[in-house]
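J.: Just passing along the structure, written as structure tokens.
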Amino acid sequence: MDQEFKEVLGAFGLELHVSDYGNGHINDTYIVQGPERVIIQRINSNVFRQPELVMDNILNVTEYLRKIIAEEGGDPDVETLSVITTTDGKPYYRSTTGGYYRVYKFIRGVSYDEITDVSQLYHAAKAFGKFTNMLADYPADTLHEVIPKFHDTRNRYRNFKDSVARDASGRAHTCPDEIKFVLDRECNCGIVVDGLADGSIPLRVTHNDTKLNNVLLDPDTGEGVCVIDLDTVMPGSLLYDYGDALRFGGSSGAEDEKDLSKIRFVVENFRAFTEGYIESMPSITARELELLPFSIKLMTLECGLRFLADYIDGDVYFKTAYPEHNLVRARTQFKLISDIEAMMPELNAIVSEIAAKHGH
Ligand code: ADP
Ligand code: GN1
Ligand code: MG
């Protein structure tokens, strides 16, 4: 227990039983055992340059969600995040060394880092769909853009090419095939951002980081309990949420599986998630439905190029456990993209079938 932690726990009036928790790539997460279990996180201020704006978004969005959940007869303490303030009433604490810390009520639920049963995808989809639905009337323009152009894939391409040109780590020569894989697919990068700009795709309040481990599922019933990791809640397209969830949930293996023969895009997972999502998102438009399969390819490409750019930059963004970790992650994404490209007609047919069943 270092001095900094003692100081931070003191600021929230907490006891000293703290241990590492969860598998996020961005924040440092700990659980504090005590009369009431809580989650304490050091917000990654390299990623979130203005943590106070992140907390402002989270407080406003969760307050809004709490009202809706209560109106619908649910339990707001379980179905959305509850921010616990410091002893002097602040939503986060800035330590003397400049770290930003926040505390949430612990929510009982399982967050899966790998899919062990296809039903997990159906329930996760329903939870993410419901989340976007509950925020349908939230005034999107009042949210801070905490990471500018987060899912602007065209801008991600610009940054990627800058990273390759800069080659800060001297690693670019170790991954020419992967760089070419990304550059060969640049024509895909404007389709959703341009649709948002010309109004053919609706702007919604979206989660923007819908990895399966960002939803807690009930360990007994398997149903969705709570959507967590609200740092990137911002205006966006539901295609970001749907596509990113299947980027992760559609894979037969871990995001950092080294043996690519174990990585394939699993059509059963795709079907289960798509069922849950369309079912819980009655306001989905014809254009959004049409782009669902494409969005998985787009979000997988975007994430893959971000992993590859971070490898080339020298691992400055995502947490890594060994020097090639980001390259390994990028390769799984590219394997998935090759599968998705080959399966596109089949995936489109499944979406049409499910959409028709739900009256679209
Ligand atoms: P990161 O941005 O680093 O992914 P998350 O907010 O997703 O951080 O937290 C990391 C992990 O900690 C989650 O995947 C989940 O397992 C766990 N977690 C986070 N918040 C809570 C909470 N309020 N209750 C229970 N578990 C939580
Ligand atoms: C990060 O925070 P976490 O681990 O849920 C990242 C996502 C990536 C994901 C890839 C703020 O998500 O954008 O898709 O890793 N979050 C941020 O695993 O950059
Ligand atoms: Mg997370």
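J.: Over what distance in Å are the Cα centres of region 176-192 and region 208-271 separated?
T.: When both Cα centres are located, 22 Å separates them.
J.: Based on the Cβ-Cβ distance of residue 84 and residue 283, what FRET efficiency does E = 1/(1 + (r/R0)^6) give at R0 = 51 Å, to the nearest 0.05?
T.: The computed FRET efficiency comes out at 0.90.
J.: If you don't mind, there's one more thing I want to ask. List the pairs from 105/149; 126/211; 6/149 whose alpha-carbon separation is above 25 Å, in the order I gave them.
T.: 105/149; 6/149
J.: Can you tell me the relative contact order of the chain? Whole percent, Cα pairs under 8 Å, sequence separation 6 or more.
T.: Averaging sequence separation for qualifying contacts and normalising by length gives 18 percent for the chain.
J.: Starting from the amide H of residue 206, placed 1.01 Å from N in the peptide plane, find each other amide H under 5 Å away whose residue is 5 or more places distant or on another chain.
T.: Correct list: 234, 236.
J.: Kirkwood Rh over alpha-carbon pairs of region 219-299, then Stokes-Einstein at 37 °C and 0.692 mPa s: what D in µm² s⁻¹, rounded to an integer?
T.: 231 µm²/s
J.: Need one number: the % of Cα-Cα pairs in the chain sitting beyond the 39 Å mark.
T.: Every Cα pair in the chain considered, those over 39 Å come to 13 percent.
J.: How many Å³ per residue does the convex hull of the Cα positions in region 57-212 occupy?
T.: Roughly 205 Å³ of hull volume per residue.
J.: Further question: Output wanted: per-residue J couplings in Hz (rounded whole) for region 251-257, from phi through Karplus 6.51 cos²θ - 1.76 cosθ + 1.60, θ = phi - 60°, x for Gly and Pro.
T.: Using θ = phi - 60°, the values come out as 7, 7, x, 6, 4, 10, 5 Hz.
J.: Say R0 is 22 Å: what FRET efficiency, to the nearest 0.05, do residue 290 and residue 268 get from their beta-carbon distance?
T.: Calculated value: 0.50.
J.: A follow-up question, please. Using the Kirkwood formula over every pair of different C-alpha atoms, what hydrodynamic radius in Å results for region 3-105?
T.: Taking the inverse mean of 1/r over all distinct Cα pairs, region 3-105 comes out at 14.4 Å.
J.: What span do the alpha-carbon atoms of region 293-360 cover on each of the three principal axes, reported in whole Å from largest to smallest?
T.: 48, 21, 16 Å, listed from the longest principal axis down.
J.: Turning to a different aspect of this structure: Work out from phi, with θ = phi - 60° and the Karplus expression 6.51 cos²θ - 1.76 cosθ + 1.60, the ³J(HN,Hα) of each residue of region 158-173, listed in order in whole Hz, and give x for Gly and Pro.
T.: 4, 5, 4, 5, 4, 4, 4, 5, 6, 6, 4, 9, x, 9, 4, 5
J.: For region 67-75, in order, what is each residue's ³J(HN,Hα) by Karplus, 6.51 cos²θ - 1.76 cosθ + 1.60 with θ = phi - 60°, in whole Hz (x at glycine and Pro)?
T.: 3J(HN,Hα) across region 67-75, in whole Hz: 5, 5, 4, 5, 4, 7, x, x, 10.
J.: Beta carbons within 10 angstrom, averaged per residue: use that to sort the peptides 14-26, 237-249, highest first.
T.: Highest-to-lowest ranking by the protection proxy: 237-249, 14-26.
Just so you know, all these numbers are worked out from the coordinates, no wet-lab data involved. It should be emphasised that the depicted structure is a prediction, and the values quoted were computed from it without experimental measurement. Here Cβ is always computed from backbone atoms with ideal geometry, including for glycine, and neighbour counts include all displayed protein chains.
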